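Coordinate-derived values only; no laboratory data. From a predicted model like this one, the values you see are computed outputs, not experimental measurements. In this analysis, Cβ positions are derived from the backbone assuming ideal geometry, glycine residues included, and neighbour counts consider all displayed protein chains.
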Amino acid sequence: MIRSTLALTRPGISLAVGLSALAGYALAAGELSGGGPLFAGTFVLSAAVSVLNQIQERGRDARMERTKGRPLASGRMSVGQGSLIFAVLLMLSALSLWVHLSWFVLPVLLMVVGLYNGLYTLMKPVTGWAMIPGAACGALPFWIGWLAGGGGLVAVTPVYFFALYFVWQMPHFWMLAESNAADYAAAGFPVPANSFSGFSRQALPRIWALALAMLGGMAPLFGLAVGPGQAYALATACPAYALLAVFARARVLRYVSDGFLAGVVLMIVAERLG
């Protein structure tokens with residue numbers, strides 16, 4: 001039961017979400033101290049929406065090689081058990097986030113669940129462009145952390161990071177769908193790449209990746225990574241990543257994109273805390 005519950009929560013993704021929120025908190029508050037409840041709350045919130053998503057898609061998951069072993073898709077766990085886990089995780093998330101967000105936690109939860117389990121999950125069987133609200137939801141954790149750290153609703157920094165995370169996720173989703181196109185087709189999920197020619201299928205995710213390289217290099221224009229060392233690192237890393245975006249295989253590019261994003265965020269946070 002414990003192993004099945006862990007599989008439902010997808011801890012790797014939840015960890016990335018928690019760290020993204022913590023980065024937003026650090027930039028707003030100028031410190032990491034006190035960010036524990038925020039990290040826990042966003043980690044558990046990500047786990048909760050993952051559980052609900054697998055409840056919603058259990059039938060389609062059962063038809064895909066990549067996901068048929070998941071607890072709900074395989075029948076190792078019932079819908080009732082999954083629903084109970086979702087409810088407990090959502091409650092724990094609300095309690096943890098309350099420390100920093102108070103009553104604002106309710107609209108945050110509604111926005112995340114509504115965007116991911118509502119718009120994104122309901123659009124997936126209808127159009128491959130469901131990746132757009134999916135990417136928007138993935139860009140929210142930094143914004144949540146920014147608010148928790150005392151940052152204002154209207155500020156340049158969270159807008160920049162929302163764009164950075166959004167642009168990163170577009171080629172990430174695209175390349176994931178491309179590498180699992182047969183699985184998605186078997187489950188009845190449309191893949192946007194199938195609507196384009198072979199050349200376009202190769203070019204479009206790379207164009208998004210080049211946009212990510214450009215956006216990462218623009219950080220100093222937003223008052224971020226302005227030190228000589230950081231500027232030099234960006235001037236080196238962004239062209240190198242752009243070169244890989246043009247020539248690397250899709251699977252390799254996906255992991256390189258993850259590393260590039262993590263490096264840019266870590267550099268900016270380290271400068272803020274330094």
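Before rounding to the nearest 500, sum -39500 (n - 2.57) across all DSSP H runs of length at least 4 in the chain and divide by the residue total; then give [θ] at 222 nm in deg cm²/dmol.
Mean residue ellipticity, 222 nm, calculated: -23500 deg cm²/dmol.
When the Cα atoms of the stretch 1-153 are enclosed in a convex hull and the volume is divided per residue, what value in Å³ results?
Taking the convex hull of the Cα positions in the stretch 1-153, it is 104 Å³ per residue.
Which value, in debye to the nearest 20, gives the size of the charge dipole of the chain about its Cα centre, when Lys and Arg are +1 and Asp and Glu are -1 at the Cβ?
I would put it at about 740 debye.
Note down the magnitude of the dipole of the stretch 155-274 about its Cα centre, charges +1 on Lys and Arg C-beta and -1 on Asp and Glu C-beta and zero elsewhere, to the nearest 20 debye.
160 debye
What relative contact order, as a whole-number percentage, does the chain give when Cα pairs under 8 Å and 6 or more residues apart are counted?
Values: 359 pairs, mean separation 56.9, N = 274.
Computed over the chain, the figure is 21 percent.
What is the spin-label model distance, in nm, from Val126 to Glu31 if the labels are put 7 Å beyond Cα along the C-beta direction?
4.8 nm
Which distance in nm do the two modelled labels at Leu84 and Glu65 give, with both placed 7 Å along the Cα-to-Cβ direction?
Modelled inter-label distance: 3.6 nm.
Which helices, counted as full DSSP H runs in the chain, have an axial Cα extent of no less than 15 Å and a Kyte-Doolittle average of -0.5 or above?
In the chain, the long hydrophobic H runs are 11-29, 36-56, 79-101, 156-179, 198-217, 228-247, 250-273.
Counting only C-alpha contacts under 8 Å and six or more residues apart, can you give the relative contact order of the stretch 1-153 as a whole percent?
Value for the stretch 1-153: 35 percent.
For a quick size check, give me the Cα extents of the stretch 155-274 along its three principal axes, largest first, whole Å.
Largest to smallest, the principal-axis extents are 50, 29, 18 Å.
D for the chain, whole µm²/s, Stokes-Einstein with Kirkwood Rh over alpha-carbon pairs at 10 °C and 1.306 mPa s: what number?
Stokes-Einstein gives a translational diffusion coefficient of 82 µm²/s.
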